[in-house]
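Contents: one structure, followed by commentary.
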Amino acid sequence: MSHIRNIVILTGAGVSAESGIDTFRGGGGLWEQHRVEDVATPEAFARDPELVLRFYDMRRAAIQTKEPNAAHRALARLEREWPKKAPGAQVLIVTQNVDDLHERGGALDVLHMHGEHLNAWCNACDARSRWTGPLLHRPPCPACGKAALRPDIVWFGEIPYRMEDIYQALGAADLFVSIGTSGAVYPAAGFVRTARELGLQTLELNLERSQGSAWFHESRLGPATEIVPAWVDELLG
Ligand code: OAD
């Protein structure tokens, strides 16, 4: 791995699964309990805001009772220590997760491409405010005072955040690693193909083969709390 310098890591719900946060797909997943089109689209919010706000208020409350696990901590260690091992090199953690467990696990710079539960976004003035409580009672925006806050979550049909930054990081990277994601949701699911076109090494760490598994040079299967720390140990030597 001596030729590896810059690393882009994409994480998904599987990284937080062992912290007790439900994944989306598969048996018992969130999308088995709730219809996406009822709670995770702009149309749903326009049609029935109370249902949508209640759903995200529950999720926001739930994540605050969970703790980061060994996978989150290992990735934070890699972010911190990799530049010492490969001077000037960078690790970028891009997550589809809307929890804050990477940060609470010690990561300093996490790109939340699908938004964050702990932010509220004002539809009136566009400000984002840190938000830990409920939104159901339509509280005023701390910036403009209007009752126009929504969860800062990228819903289906909306464009994920900071795509240019992600593609720029992929363009400067040597290794792309996908961790705990099913590869079912684009554009994140397409990063591996971009990485291949750009000539990066690609590695998947997941409980089972993801939908895009065939695109990876290597797949390591197992629970994130075991295979992620093992991979980080290997990389850091
Ligand atoms: P999914 O629920 O689609 O996939 C989770 C993946 O993690 C699956 O491939 C599981 O096999 C794997 N997994 C489960 N437990 C694991 C463990 N302990 N260790 C390692 N892997 C494990 O979640 P995502 O791929 O993150 O978007 O879903 C992508 C997006 O779809 C989400 O960001 C969300 C959802 O709709 C929005 O809400 C905008």
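What to note about this one:
- The chain - Rg over Rh from alpha carbon coordinates, Kirkwood radius: 0.98
- Share of pairwise Cα-Cα distances greater than 13 Å in the range 56-105 is 62 percent (whole percent).
- Computed over the range 17-153, the P(r) tail beyond 17 angstrom holds 65 percent of alpha carbon pairs.
- Extension gain (nm, one decimal) between Asp48 and His3, 0.36 nm per residue minus Cα-Cα: 11.0 nm
- Neighbours of Ala107 by Cβ distance under 14 Å: Lys/Arg scored +1, Asp/Glu scored -1, total -3.
- Against the chain, whose longest principal axis comes from its Cα atoms, helix 224-236 is set at around 40 degrees.
- Neighbour cut-off at most 15 other Cβ (10 Å), DSSP loop, GluC sites (Glu not before Pro), the range 185-230: Glu208
- Taken as Cα centroids, the range 76-146 and the range 167-182 sit 19 Å apart, rounded to the nearest whole angstrom.
- Under 18 Å from a label point set 7 Å out along the Cα-to-Cβ vector of Ser213, the amide N atoms of the range 1-21 belong to 12-15.
- Under 14 Å from the Cα of Lys66 - aspartates and glutamates, other chains or at least 8 residues apart: Glu18, Asp22, Asp99, Asp100, Glu103
- Within the straight-line cut-off of under 14 Å between alpha carbons, the aspartates and glutamates reachable from Lys85 are Asp233, Glu234, sequence neighbours fewer than 8 places apart in one chain being disregarded.
- Taking 7 Å steps out from each Cα toward its Cβ at Thr132 and Glu158 produces label points 2.3 nm apart.
- Accessible surface of the range 132-237 [probe 1.4 Å, protein heavy atoms]: carbon and sulfur percent: 52
- Label point distance in nm, Lys84-Arg220, each placed 7 Å from Cα along Cα→Cβ: 2.0
- Dipole magnitude of the chain, debye to nearest 20 (Cβ charges: Lys/Arg +1, Asp/Glu -1, about Cα centre): 320
- Computed from the C-beta positions of Glu37 and Asp109, the FRET efficiency with R₀ = 41 Å rounds to 0.75.
- Candidates per trypsin sites (Lys or Arg not before Pro) in the range 60-109, loop by DSSP, up to 16 other Cβ within 10 Å: Lys66
- Taking amide hydrogens as placed 1.01 Å from N in the peptide plane, the amide H of Thr202 sits under 5 Å from those of Phe176, His217, Glu218, each at least 5 positions away in sequence or on another chain.
- Overall Cα dimensions of the range 126-237 - principal axes, largest extent first, Å: 51, 30, 28
The values are calculated or read from the model by the stated rules, or taken from the named source; none is laboratory data. Only a predicted model underlies this, so the values are computations on that prediction, with no experimental measurement involved. Counting neighbours? That spans all protein chains shown, and the Cβs are built from the backbone with ideal geometry, glycine included. Just the protein is used for accessible areas: all its heavy atoms, side chains included, with ligands, DNA and RNA removed. Shrake-Rupley method; radii C 1.70, N 1.55, O 1.52, S 1.80 Å.
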